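**Q** This is the structure I want to talk about, given as structure tokens.
The values are calculated or read from the model by the stated rules, or taken from the named source; none is laboratory data. Keep in mind the model is a prediction, meaning the values are calculated, not measured. We place every Cβ from the backbone using ideal geometry, glycine too, and count neighbours over all the protein chains shown.
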């Protein structure tokens, strides 16, 4: 009895008795029998303890020790003496008509919380891919409520017949809200207008990249919201301008120096304050070669200092000084950058004032890329959406 007791504890079984265990190289077979107890008739609600007959059923459980686990359950059928109804005894381990324990079903669903393919989950749980997907089909997410701060971005999902999908998040609370099937303007309008006017009016800020498409939709659907330009996308424009000048200048060099500048381009993009002594020496040599490259690097560093200003007043003051430096340098790529920043100046000031960014949503996009890679793509959009939301909210 003592050995049986510890076997039941090890297998996390309640109200059952292990009668036999057999094992081979690939599977473990455990024979079970539930404790006999009075049951309530589902037809007339009378209590009965009369056994009509026994039936044997095979039920799969969570794999253990690298082997599949099968329970051979000796089930009773009770007979109601009041109405003559025959019914099977109830169990906390599995439900009627199921050939899989409840905890194996929950285990299968929990495996989807990490970026894994359905095939690998099916192999781990010793069942078919269709079975795995059928149980994950239980998971679904309704349309969320809009918080006061909303972040929106696009990503390449290739699901549901559309190349790009949109992602919504709450950057203040680091919470993923929803995945939209496409980035088309009419689809975005239809989705946001499905919320009530009161709910949309409570949105105070919308964080986004420098997208005219998103900007027009936000201004129409969220009349009280201020647009926040994501600082990463703003700073990235300065890096692109710097790279444009570097590529133009290195074409003028000999082959050996051109290859050196190409391989060492990261030194030009790295902040000057973070350079080591040897890297600073390389930077000095690189800037000595080209006057245009030196001007571009100074403009890039000044732009970083401007964007990282602690308040709006300093940003406005540095912005005017930086504009004068751009005009003096006469570099087309930085002139274009200045025009873009002027166009989005209000949104950039709001970003400095609030501190909101798309950092959380970019992390979610990176996790989605991992999911796509291990699954070789997910074509069904509803399944793709539920999978992303489940991973983010577990």
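**Q** Kindly list the number of the only condition in (1) touching a helix residue (DSSP H, G or I) at 6+ places or on another chain (Cβ under 8 Å); (2) modelled with pLDDT of 90 or more that fails for residue 389.
**A** Every condition holds for residue 389 apart from (1).
**Q** If residue 215 meets every condition in (1) out of contact with any strand residue (DSSP E or B) (no Cβ under 8 Å at 6 or more places or on another chain); (2) not assigned by TED's automatic domain parsing to the domain that holds residue 342 apart from one, which number is that one?
**A** Checking residue 215 against (1) out of contact with any strand residue (DSSP E or B) (no Cβ under 8 Å at 6 or more places or on another chain); (2) not assigned by TED's automatic domain parsing to the domain that holds residue 342, the one that fails is (1).
**Q** Shifting gears a bit: Quick one: would you say residue 327 is in contact with a helix residue (DSSP H, G or I) (Cβ under 6 Å, 6 or more places away or on another chain), assigned to a helix (DSSP H, G or I) and not assigned by TED's automatic domain parsing to the domain that holds residue 161? Talk me through it step by step, then tell me what you get.
**A** Values: in contact with a helix residue (DSSP H, G or I) (Cβ under 6 Å, 6 or more places away or on another chain): no; assigned to a helix (DSSP H, G or I): yes; not assigned by TED's automatic domain parsing to the domain that holds residue 161: yes.
Taking the combined requirement at face value, the residue does not satisfy it.
**Q** Could I ask something else about it? Do you know which residues across region 171-190 are in contact with a strand residue (DSSP E or B) (Cβ under 7 Å, 6 or more places away or on another chain) and farther than 15 Å from residue 154 by Cα?
**A** 171, 172, 175
Here is a yes/no grid of residues against (1) in a helix (DSSP H, G or I); (2) in the same structural domain as residue 303 (by TED's automatic domain parsing); (3) in contact with a helix residue (DSSP H, G or I) (Cβ under 7 Å, 6 or more places away or on another chain):
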residue: 319; (1), (2), (3): yes, yes, yes
residue: 335; (1), (2), (3): yes, yes, yes
residue: 341; (1), (2), (3): yes, yes, yes
residue: 371; (1), (2), (3): yes, no, yes
residue: 374; (1), (2), (3): yes, no, no
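**Q** Looking at (1) modelled with pLDDT under 90; (2) farther than 22 Å from residue 135 by Cβ; (3) not in a strand (DSSP E or B), can you tell me which one residue 90 breaks?
**A** For residue 90, the failing item is (2).
**Q** When you scan region 91-109, do you find a residue that is closer than 30 Å to residue 171 by Cβ and not assigned by TED's automatic domain parsing to the domain that holds residue 198, even just one? Break it down into steps so the answer makes sense when it comes.
**A** Residues of region 91-109 that are closer than 30 Å to residue 171 by Cβ, as a first pass: 109.
Filter once more, so that each one left must be not assigned by TED's automatic domain parsing to the domain that holds residue 198: 109.
Looking through region 91-109, at least one residue is closer than 30 Å to residue 171 by Cβ and not assigned by TED's automatic domain parsing to the domain that holds residue 198.
**Q** Would you be able to say whether some residue in region 197-210 is modelled with pLDDT of 95 or more and closer than 30 Å to residue 266 by Cβ?
**A** Within region 197-210, one or more residues are modelled with pLDDT of 95 or more and closer than 30 Å to residue 266 by Cβ.
**Q** Now, a different point. Select from region 156-170 the residues that are at pLDDT below 95 and touching a helix residue (DSSP H, G or I) at 6+ places or on another chain (Cβ under 7 Å) and list them in ascending order.
**A** Selection gives 157, 159, 160.
**Q** Same structure again: Would you check if there is a residue in region 99-112 being under 23 Å from the mean Cα position of the chain (by Cα), in a loop (DSSP other than H, G, I, E, B) and farther than 24 Å from residue 14 by Cα?
**A** Within region 99-112, one or more residues are under 23 Å from the mean Cα position of the chain (by Cα), in a loop (DSSP other than H, G, I, E, B) and farther than 24 Å from residue 14 by Cα.
**Q** For region 266-287, which positions are farther than 19 Å from residue 250 by Cβ and either in a loop (DSSP other than H, G, I, E, B) or outside the structural domain of residue 242 (by TED's automatic domain parsing) (or both)?
**A** 271, 275, 276
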